[in-house]
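Coordinate-derived values only; no laboratory data. The structure displayed is predicted, hence computed values, not measured ones. No Cβ is skipped: glycine too gets one built from the backbone with ideal geometry, and neighbour counts run over all protein chains shown.
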Amino acid sequence: MTRNRPLYAAALVSIALLGACGGSDDDAAAPTTASTAATATGPGPSFGAAATVMLKDIKFSPGTVEVKAGAEVRWLWQEKIPHNVTFEGFKSDTKDNGEFRHTFDKAGSFKYSCTVHPGMNGTVEVT
């Protein structure tokens, strides 16, 4: 077993490096599309929501999400800077952590913003 330690160590490093590979943080990425059948549990991006929007670097990411009518969208604070999620007719509290969830019952295009940071805007497309 002692002779194989370097081999095991190299295998673990390789696995860790492969796990670190991922997509880019490209702002021009296509909108997130998800179904209402999301069943994921735990602290990850889905956690029961059809779509998750991160509040980080003073922007909503992704800027546009697409969901089906009846689906829930989750906004997740990823930085310790106060933000809010403000739609016409409803909004989240202004806070620097946590999450906000809203279920969209009707089809349409719903634009929203953070009133604390002009230019921080997003859209929920409901089909």
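Could you rank the peptides 98-105, 61-68 by their average count of other C-beta atoms within 10 Å per residue, with the highest value first?
Numbers: 98-105: 15.4, 61-68: 19.0.
For the peptides 98-105, 61-68, the packing ranking is 61-68, 98-105.
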*Quick one: length gained pulling residue 88 to residue 101 fully straight, 0.36 nm per residue minus the C-alpha distance?*
3.1 nm
*Using Cα positions and a limit of under 19 Å, work out the lysines in reach of residue 111, with same-chain residues fewer than 8 apart set aside.*
56, 59, 68, 91
